[in-house]
Every structure is written in structure tokens, then in C-alpha cells.
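The values are calculated or read from the model by the stated rules, or taken from the named source; none is laboratory data. Predicted, not measured: the structure shown is a model, and the values here were computed from it. Quick reminder, even Gly has a Cβ in these numbers, built from the backbone with ideal geometry, and neighbours come from all protein chains shown. Calculation scope for accessible area: heavy atoms of the full protein, side chains included, ligands and nucleic acids excluded. Shrake-Rupley method; radii C 1.70, N 1.55, O 1.52, S 1.80 Å.
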Amino acid sequence: MTSLMLRDVELDGVPGSAVVIRDGVIAEVGIGLEPAENTDVIDGGGGALVPGLHDHHIHLHATAAERLSVRCGPPQVRTADDLARVLRTAPGDSVRGVGYFESVAGELDSEALDLMHAQRPVRVQHRSGALWVLNSAAAALARLDTADHPGVERYGDGRPTGRVWRADTWLRDRLPPTAPPPLDAIGAQLAAYGVTGLTDATPDLSPSSLTALADAHVVGALPQRLHLLGAPSGFVSPSGTLTSGPYKIVLADSGLPDLHALAETIRSVHAAGRGVAVHCVSREAFAILLAAFTEVGARPGDRIEHGALIPPESIDDLRLLGLRVVSQPGFLADRGDSYLRDVDPRDLGDLYRCRSLLDAGVPLALSSDAPYGPLDPWRIIEAATTRTTESGAVLGHPEILDPSQALAGFLSAADDPGGQPRTIRIGRPGDVVLLRAPLADVLAAPSSSSTVRATVIGGRVVHG
């Protein structure tokens, strides 16, 4: 394999450094290195070289599908008339809408969607990802009238409302079959952002989804390293290129679990030698989850996904239990004004905590939660360091991170979110990102459109 040298780079604050990657591994680091024969050379021009970024919580197929879907929420769609127009003018035999929020047209059901567009099957996903709403044509295709899934909402007389909660895989299996969406565009975009590793947080991945993820990685359509929370226990990647992480558990606000049932689920996963990654976005869900961990205990690797509302009196409990939090401060930039309008003022200071967790010794990793949050890690870093909403308000000023802390949230290893940031050292994987300027300059004004010059995964240039 041809070696790769990145020279005249800033490394750990030292300008004029050089790094050689050979056989996918960092082989040389120093000043004054000269390229050997058969070595490709990238001149860094004084830009910083940092470890590749890792997005610790993303939904890959949903992110790819969003690009093929109709936007049904702000800022593109703001009124019921806007929504009716985009549904009517969408191409195709059926319509898949995403990003809906109640500020557009209130709480949708089949009847409301039929008034907007009844001529084709329509399904619209809430921006939280927790709810699909189907018009009558789509509800008939999905046979909601005879469905026994607990997420199918019904009127008092037993008729389905068209609202289906937390049932993505089930619903997809009842609709006309479609292949998983291609991932090449997402892989290229993430590479342009400097992302070299991904943790797919989709729960209970189907065999077809697992196969599609593995195939996309093997052929290079998705060049990033992949870590899966939704892989079944005992999963072994057929290509040897995917790894599995803690088992994903969703605490759905549409139906919170019994405390003892949750504790038993965590206990059984632990007994199988696996940690848990628990989706938790409300104060009520957090209280149940903390009680369950207090009863069962935590094991290394246990993590809380989102932790959208963490009361201050519980932070020490997280530290004592050894739990870590994978958060998405990008939501503050993306939805902050909605939070200011709709969230109880008493809860605003507890939203997407960052600084208080780090100060208390609770490991914190950052992520996108794409497609439900912004995909761009540099936008998320900026959000973590300003906590500024769309209108310019600051939401939770005491939780602001300094830029190096925010970047570190993307630098921990896939199996150690919030742990020590990875470094560029001999023997480490050759996953690095060359920036266009020294690190201090980049972090003063993070912007992916002008930040990343080249991205390298395993010694192979995948962007730049």
C-alpha cells in the first residue's frame, strides 16, 4: 500500500509537523520528516491536523431517506396551506413527508391529512421521529384497522386515527416494499465535514438494514467506520468492518415503561455482557431511568442518549453510577425558539446540559441525531459554544462549553463516548482531518464549508 504523508501541519499546537500513515496506521510523527519512495504527499500549508470526528448518535438510513422526502415543517413549511401545497405537488405515487411540527397545522390525524391531500397515500413524520401520521389511503395500505401494534392510536370507537407511535420497522414492513436508501451522498457529505466514524443509533436494526449498512461500507459508499447500537446480541459483522455497541432501549414518552420492567430489561442485557444505551428526553423518563439504574446498577459502557432534561440534583447520581451522556446541543440552534415558546420555563435551564456534566465528572459526547438534528458537526460545536437560538437568544448560558471541550465531544472513541479524546500517535489508526487553518483560528469561527481541507480514513483520502 502506498504511504501517505501530511506535512507542514500544526499538530498539538506545534507548527511544521509531519505525519506518515502506512498500511492504514500512523507510522511516523515528527518535524523534518522526508517522504520515502512511493509516498503520496499532502502539503498542509500550516493547517491543523486533528483526529477524525466521530458522530456518536446518528440514524443513517433515516438521514438518507430524508433527502428523498418532502419537508413538512419550518422553515420551509409554516402554515396548513403550505403543507397542503407541498403534499399536492410532491412527485411520485405516494408521499413521504418529514420534519412536521404542530406549529404548522396542529395535531394531524388521517382526517386532517385527507383534507390536504387524499388522492395518494401520504405519511408524515413528526420532527421528533417518534410519530408517523397516515392519511386514509396510506392507513388502508398499512391495514391499520386490523393492526394490533400498541403504537397504533385509535379513537374511542376503535377506529385508527392514522397516528402511529414508535413503530418505524413495523410500519415499513406493512407498506409496499422499498429498498433501503443509498448512503453514498450521506457518506460523502460526512467526509466533507471531517467525520471518520459513526454510531448508528437506530434500535433493533432489521437484517436487511444490517446488510445494507455493511454493503455500503464494504463498497466504499459509506467510508466511515461504523458502530451499531441496534445490532442484535451476538452480532458478528460478515465483512468484519462493523462493530456493535450497547443495546438501544427507547423510553417513549407516548408510553413510559413500568419501572420494574425497565429494570429487568437492563438486568437481562447486562447479564448477557452488554451495556445499554437508553433514549431519554423527558423529566419523567429520566426519573424512571435513574431509579432503574439505582436498582440494577450500571456497567461500563452504559449511556444515556439525549438526556434532554437532566435536573441539577441528579448530576452527582450520574457520576456515582458511572453513566455517560450522549447529547445534541445542535437542537438549541435548530429548535431553540420553539423550546423558548413551548417548554416550561422551569425546565429551560435543564435542557441539553453540557458544562455542568463535565464539571461534575460525567463523560459527555456530542452527536447530531440526524436527521432529527443538524448533521454538520461544526454547526453543533458552534451551538455548544454559544447556545444561541435561531432568533439570537441564548438558552442556558451556564452550560456553554469552550471550543476545545466542544471539539473533544466528537473525538472520543466509538466504544468510549465522552472518554479521553483520541490523539495522533504512532500505532493509532490513520483516521485524520486536515483543517485549512491552525486549530485556534478554526475554533474561533467553526464552519465546515471552509474548515475541512482533507479527510483521511485508514490512510485513504476520502475527501479533498
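Only one of the listed residues (Arg387, Arg422) is of a type in the set (D, E, K, R), touching a His at 6+ places or on another chain (Cβ under 7 Å) and at pLDDT 95 or above. That residue is Arg387.
Residues of the stretch 332-354 being at pLDDT 95 or above, within 20 Å of the chain's Cα centre (by Cα) and among the charged types (D, E, K, R), which ones? Selection gives Arg353 alone. Apart from one condition, Ile58 fits all of (1) out of contact with any helix residue (DSSP H, G or I) (no Cβ under 8 Å at 6 or more places or on another chain); (2) over 25 Å from Ile186 (Cβ atoms); the exception is (2). For beta carbons closer than 9 Å, sequence separation of 6+ or different chains, a first residue in the stretch 103-123 that is within 21 Å of Arg174 (Cα to Cα) and a second that is assigned to a loop (DSSP other than H, G, I, E, B) and among the aromatic types (Phe, Trp, Tyr), the qualifying pairs are Asp109/Tyr155. Taken over the stretch 301-357, the criterion of being among the small types (Gly, Ala, Ser) and open to solvent by less than 10 Å² (accessible area, probe 1.4 Å) is satisfied by Gly307, Ala308, Ser327, Gly330, Gly336.
Taking first residues from the stretch 33-48 that are among the acidic types (Asp, Glu) and partners that are part of a loop (DSSP other than H, G, I, E, B), the Cβ contacts under 9 Å between residues at least 6 apart in sequence or on separate chains come to Asp40/Thr2. Evaluating Thr385 against the criteria (1) open to solvent by 30 Å² or more (accessible area, probe 1.4 Å); (2) touching a helix residue (DSSP H, G or I) at 6+ places or on another chain (Cβ under 9 Å); (3) closer than 30 Å to Ile21 by Cα leaves one unmet condition, (3).
Screening the stretch 159-191 for residues that are within 17 Å of the chain's Cα centre (by Cα) and over 23 Å from Cys280 (Cβ atoms) and picking the one that is surrounded by the most Cβ atoms within 10 Å (Cβ to Cβ) gives Leu190. Is the stretch 357-371 home to any residue that is more than 11 Å from the chain's Cα centre (by Cα) and of a type in the set (Ser, Thr, Tyr)? No, the stretch 357-371 contains no residue that is more than 11 Å from the chain's Cα centre (by Cα) and of a type in the set (Ser, Thr, Tyr). Consider the stretch 389-406 and keep the residues that are of a type outside the set (D, E, K, R) and assigned to a loop (DSSP other than H, G, I, E, B). The one that is most open to solvent (accessible area, probe 1.4 Å) is Ser391. Within the stretch 358-385, the set of residues being part of a loop (DSSP other than H, G, I, E, B) and within 18 Å of Gly419 (Cβ to Cβ) comprises Ala360, Gly361, Val362, Pro363, Ser367. The residues in the stretch 3-58 that are within 23 Å of Pro417 (Cα to Cα) and among the charged types (D, E, K, R) can be counted, and the count is 2. Determine, yes or no, whether Asp109 is surrounded by 15 or more Cβ atoms within 10 Å (Cβ to Cβ), charged (D, E, K, R) and touching a Gly at 6+ places or on another chain (Cβ under 7 Å). So Asp109 passes the test.
In the stretch 421-464, which residues are in a loop (DSSP other than H, G, I, E, B) and crowded, with 19+ Cβ neighbours inside 10 Å? Across the stretch 421-464, the qualifying residues are Arg422, Ile424, Gly430, Asp431, Pro446, Gly459.
For residues in the stretch 119-140 being basic (Lys, Arg) and under 16 Å from Pro91 (Cα atoms), which is surrounded by the fewest Cβ atoms within 10 Å (Cβ to Cβ)? So, considering only residues that are basic (Lys, Arg) and under 16 Å from Pro91 (Cα atoms), the one surrounded by the fewest Cβ atoms within 10 Å (Cβ to Cβ) is Arg120. Among residues of the stretch 166-183 that are more than 22 Å from Arg120 (Cα to Cα) and modelled with pLDDT of 90 or more, those with a Cβ under 7 angstrom from a residue that is hydrophobic (A, V, I, L, M, F, W, C) and outside any loop (DSSP other than H, G, I, E, B), sequence gap 6+ or separate chain, pair up as Pro182/Ala64; Leu183/Leu60; Leu183/Ala64; Leu183/Ala216.
Looking at this structure, is Pro417 in a loop (DSSP other than H, G, I, E, B), under 30 Å from Ala64 (Cβ atoms) and open to solvent by 20 Å² or more (accessible area, probe 1.4 Å)? Break it down into steps so the answer makes sense when it comes.
Details: in a loop (DSSP other than H, G, I, E, B): yes; under 30 Å from Ala64 (Cβ atoms): yes; open to solvent by 20 Å² or more (accessible area, probe 1.4 Å): no.
No; evaluated as a whole, the condition is false for this residue.
Among residues that are over 21 Å from Tyr193 (Cβ atoms), under 20 Å from the mean Cα position of the chain (by Cα) and not acidic (Asp, Glu), Arg422 is not included.
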